[in-house]
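> Structure provided below as structure tokens; questions to follow.
The values are calculated or read from the model by the stated rules, or taken from the named source; none is laboratory data. A quick note: this is a predicted structure, and the numbers were derived from the prediction, not measured. Cβ placement follows ideal geometry from the backbone for every residue including glycine, while neighbour counts extend to all protein chains displayed. All accessible areas refer to the heavy atoms of the entire protein, side chains included, with ligands and DNA or RNA removed. Shrake-Rupley method; radii C 1.70, N 1.55, O 1.52, S 1.80 Å.
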Amino acid sequence: MLVNLNDVLPSAQKGGYAVGLFNTIDTDMLQAAIQAAEELKSPIIIGTAEVLLPYGELSLIAPSVINAAKNASVPVVVHYDHGLTFEKCLEALKLGFSSVMFDASVLDYEENIKQTREIVKIAHTLGATVEGEIGHVGNADKSSTDDVYTSSEMAKSYIAATEVDACAVAFGTAHGAYLKKPKLDFERLKEIRAAVETPLVMHGGSGLSDDDFKTAVKSGIAKINIFTDLCVSGVNAVKNACENSLGYLDMRNEKVNAIKNAVKEKILLFGSQNKA
């Protein structure tokens, strides 16, 4: 069933588990993620991000994702992840996405507030939810970074000013494959959780250890974004299929199964199984 963030994240926050967002760029990844959620009876968030649109055009993937969500036996949020432009967020909402993330974290604080608040007003009118970001989650392939970590005061004022339904916070994670073990500031995360009631989101989840994920959830994270790990599983499956001289269709099925297993591993790790 098609739902929005408010239908799944408050329960996750109260229940001490997290709901995974799995970005999908084609129907193979979509099938894998939905089947994983259904088999484990877990709510799930399916998305695509603005930076991924060259690999899966929004107007093409939207109908399949929304249709899959409506027909699923578990709650499915269709979420536009890391919307970098006002126009693309509006397009996602018009196409029927039940949730969008407007990422204005690279803008100055006042402009971030202004633009995010406007997106929230529009989305709420349409029955959709909005995730914002305060602080800035960087990229794992940078050897040095000036990324701004989120403070509890910053998060509290940002949420009050924008009325976002979920808030992505920066406490040491990064997008992409990590070059070295990240240093996560869980005490900072706990302080943010204590200061606000809005569900918190962790970006840059792929590549973290199981203990990191478990501690993040215990420290207050209700939504975790995953993409790179799914790609790695898919690539490995294709390589193995080629080595075994499988045909295209068999290769495709091996890839779907591998990605499904990767999604199931994360669902179990986040503790959202049997929560649908």
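> Among the residues of region 22-39, which ones are closer than 16 Å to D81 by Cα and either surrounded by fewer than 22 Cβ atoms within 10 Å (Cβ to Cβ) or among the β-branched types (V, I, T) (or both)?
Passing the criteria: T24, I25, D26.
> Can you say whether A216 is part of a helix (DSSP H, G or I), under 23 Å from N6 (Cβ atoms) and open to solvent by 50 Å² or more (accessible area, probe 1.4 Å), as far as the supplied structure shows?
So A216 fails the test.
> May I pose another question? When you go through (1) assigned to a helix (DSSP H, G or I); (2) open to solvent by 40 Å² or more (accessible area, probe 1.4 Å); (3) out of contact with any Gly (no Cβ under 9 Å at 6 or more places or on another chain) one by one for K255, which number turns out not to apply?
Status for K255: all satisfied but (3).
> Looking only at region 220-236, which residues are open to solvent by less than 10 Å² (accessible area, probe 1.4 Å) and over 24 Å from G132 (Cβ atoms)?
L230, G234
> Name every residue in region 41-64 that is within 16 Å of A123 (Cβ to Cβ) and not in a helix (DSSP H, G or I), in order of residue number.
I45, G47
> Give me the residue from region 5-35 that is of a type in the set (V, I, T) and in a helix (DSSP H, G or I) and, out of that set, nearest to the chain's Cα centre (by Cα).
First, pick out the residues of region 5-35 that are of a type in the set (V, I, T): 8, 19, 24-25, 27, 34.
Adding the requirement that they be in a helix (DSSP H, G or I) leaves 27, 34.
Details: T27: 18, I34: 15 Å.
So, considering only residues that are of a type in the set (V, I, T) and in a helix (DSSP H, G or I), the one nearest to the chain's Cα centre (by Cα) is I34.
> Of the conditions (1) touching a Lys or Arg at 6+ places or on another chain (Cβ under 8 Å); (2) open to solvent by less than 20 Å² (accessible area, probe 1.4 Å), E50 satisfies every one except a single condition; which number is it?
Checking E50 against (1) touching a Lys or Arg at 6+ places or on another chain (Cβ under 8 Å); (2) open to solvent by less than 20 Å² (accessible area, probe 1.4 Å), the one that fails is (2).
> Restricting attention to region 191-213, which residues are open to solvent by 40 Å² or more (accessible area, probe 1.4 Å) and part of a loop (DSSP other than H, G, I, E, B)?
Once the filter is applied, which keeps residues that are open to solvent by 40 Å² or more (accessible area, probe 1.4 Å) and part of a loop (DSSP other than H, G, I, E, B), region 191-213 yields E197, G207, S209.
> Just to verify a result, which residue in region 65-107, among those that are hydroxyl-bearing (S, T, Y) and assigned to a loop (DSSP other than H, G, I, E, B), is farthest from the chain's Cα centre (by Cα)? Working first, answer last.
Taking region 65-107 and keeping what is hydroxyl-bearing (S, T, Y), we get 73, 80, 85, 98-99, 105.
Within this subset, residues satisfying the condition of being assigned to a loop (DSSP other than H, G, I, E, B) are 73, 85, 98, 105.
Numbers: S73: 20, T85: 18, S98: 13, S105: 16 Å.
Restricting to residues being hydroxyl-bearing (S, T, Y) and assigned to a loop (DSSP other than H, G, I, E, B), the top hit is S73.
> From the list S64, S42, S73, exactly one residue is open to solvent by less than 30 Å² (accessible area, probe 1.4 Å), on the phi < 0 side of the Ramachandran plot and of a type in the set (S, T, N, Q). Which is it? So that I can check it myself, show each step before the final result.
Details: S64 fails: open to solvent by less than 30 Å² (accessible area, probe 1.4 Å); S73 fails: open to solvent by less than 30 Å² (accessible area, probe 1.4 Å).
On inspection, the qualifying residue turns out to be S42.
> So is V19 open to solvent by 10 Å² or more (accessible area, probe 1.4 Å) and within 16 Å of H203 (Cα to Cα) or not?
Numbers: open to solvent by 10 Å² or more (accessible area, probe 1.4 Å): no; within 16 Å of H203 (Cα to Cα): yes.
Taking the combined requirement at face value, the residue does not satisfy it.
> Restricting the search to region 108-139, which residues are at pLDDT 90 or above, of a type in the set (G, A, S) and part of a strand (DSSP E or B)?
G132
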